[in-house]
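Each remark here refers to the structure printed beneath this line.
Readers should treat all values here as calculations from the given coordinates under stated rules, not as data from a laboratory. Computed from a prediction, not measured in an experiment: that's the story for all the values here. Because the Cβ atoms are built from the backbone with ideal geometry, glycine has one as well, and the counts that use them run over all protein chains shown.
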Amino acid sequence: MKVVYSARYHIDIGPHVFPTLKYHMVHARLLEARVVSPADVVEPEPATWDELGLVHTTDYLTKIRAGTLEPDELVMLQLPWSEAMVEGFRLMAGGTIDAACLACGVKRGRTPFSAKKGYGPFSVHIGGGLHHAFPNHGEGFCPFNDVAVAVRVLQSRGIERIAIVDLDVHHGNGTAFIFNPRGAPPPRGEDRRLDRRLSAPADADVFTFSMHQQHNYPMWKPRGSLDVGLPDGTHDATFLNELERALPAVMASRPECVFYLAGADPYEDDQLGGLRLTKAGLRARDRMVIDAVRAAGIPLVITLAGGYARRVEDTVAIHVATIEEAGASTQSGSRSTYVRPPSE
């Protein structure tokens, strides 16, 4: 199992609920626990501006690159602009592209990933999952939609059918809109820059599944292929039951690659989430997704997505557990038995 990571993911965004330090902490914990070795870790290349342009508009990329975003655009982004912020998240978008290419064994630009370099059916990105970014603006700590960009890169390499399993506590609004522009009216009616994209049909080759807290950010939730909005305080058993019901529909789309956004923010002590899952429940969630993809023999790309626990150590532990489950699944005979937590 290859793990994509860069120390440059610790992006200085000032005092913020988004702990970019978590990426460094997850990486350090994985090495300390020998879940991965230094040889397993791949340093990513930044997403090129042309790669970002597969999803994002030229106008938006020009403004974020030059630091000329409008005040309302910065309010939606909820990040302070700086060149370091832009370059850090551009690198992170490249990390998801690299993880996808590693999992699928395809080339990315001048970097020749191949079986000889040890690609495997699973890859993990210690970063990414920036699912709130739209083609023409960023939202909710997400300047670029890294998963959508990686999907378009894979499609340009002949891997057409993709599934996205988004289990962050927040609905993946940007991702849903990118692949189904007719899912709902645009949130900014005065913005006519997306007329061509708004009139485009849904991408039938990309299946987007989001299971999230319904009464939480974002207010506007475009329709994806499958959306499951859960009530506040769902807890483990209900969440896992709903996931078990939904996964067959995802796999029935016959994807050639699956992206899994393994958000840590459904956790019971997360500051921005209210689903109230335990760490055991989140690990069982990860196991269920990983087992379903592994059983189908499909490449899997895992990104970390959100996580804002009051103690950053809790967020880190949840992310590490996700990667432990992925690692265990790649080792023959080491798979633990799935045991559903008792009903609340």
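For the pair Asp269 and Ala7, what calculated FRET efficiency results from E = 1/(1 + (r/R0)^6), where r is the Cβ-Cβ distance and R0 = 30 Å, to the nearest 0.05?
Values: r = 27 Å, r/R0 = 0.91.
Approximately 0.65, to the nearest 0.05.
Compared with the direct C-alpha span, the chain from Arg294 to Glu70 gains 76.2 nm at full extension, assuming 0.36 nm per residue. Here is the P(r) of the chain: all C-alpha pair distances, binned every 20 Å from 0, give 34, 62, 5 in whole percents.
At a threshold of 8 angstrom on Cα-Cα distance, excluding pairs fewer than six apart, so keeping six or more, what relative contact order does the chain reach in percent?
Numbers: 704 pairs, mean separation 62.8, N = 344.
In percent, rounded to a whole number, it is 18.
In sequence order, segment 4-16 has phi-based couplings of 9, 6, 9, 4, 6, 6, 6, 8, 7, 10, x, x, 7 Hz under the Karplus curve 6.51 cos²θ - 1.76 cosθ + 1.60, θ = phi - 60°, and Gly or Pro positions carry x. In plain terms, the chain from Val312 to Asp50 could stretch by 90.8 nm, reckoned as 0.36 nm per residue minus the Cα-Cα distance. If you count the DSSP beta bridges with both ends in the chain, what percent of them are antiparallel, to the nearest 5? Bridges in the chain are about 10 percent antiparallel.
Taking every alpha-carbon pair under 8 Å whose residues sit at least 6 apart, segment 1-131 reaches a relative contact order of 37 percent. Overall, the chain carries a charge dipole of about 940 debye about its Cα centre when +1 sits on the Cβ of Lys and Arg and -1 on the Cβ of Asp and Glu, all other atoms neutral.
Put simply, when 21-28, 129-136 are sorted by average Cβ atoms within 10 angstrom per residue, most first, you get 129-136, 21-28.
Give me the dipole magnitude in Debye, nearest 20, for segment 207-344 about the Cα centre, with unit charges on the beta carbon: positive for Lys and Arg, negative for Asp and Glu. Working shown, then result.
Values: 14 positive and 17 negative charges, 63 e Å.
That gives segment 207-344 a dipole magnitude of about 300 debye.
Approximating the spin labels as points 7 Å out from Cα along Cα→Cβ, the Gln331-to-Glu32 distance works out to 1.9 nm. When peptides 225-237, 33-45 are ranked by their average number of other Cβ atoms within 10 Å per residue, the highest-first order is 225-237, 33-45. Note on the chain: helix-only mean residue ellipticity at 222 nm, from DSSP H runs of 4+ residues weighted -39500 (n - 2.57) and normalised by residue number, equals -11500 deg cm²/dmol. Shape analysis of segment 43-106 places it in the prolate category; the axes a ≥ b ≥ c from the Cα gyration tensor give an a/c of at least 1.5, with a/b above b/c. Sorting the segments 286-292, 247-253 by their residues' average number of neighbouring beta-carbon atoms within 10 angstrom, most packed first, yields 286-292, 247-253. For segment 220-322, the alpha carbon convex hull comes to 101 Å³ per residue, rounded to a whole number.
Kyte-Doolittle cut-off -1.0, length cut-off 27 Å along the helix's own axis using Cα: show which whole DSSP H helices in the chain pass. Spell out each step's value before the answer.
Values: long enough: 83-104 (32 Å, 0.91).
Both cut-offs are met by 83-104.
A simple spin-label model places the labels of His16 and Val228 3.1 nm from each other, with each point 7 Å out along Cα-to-Cβ.
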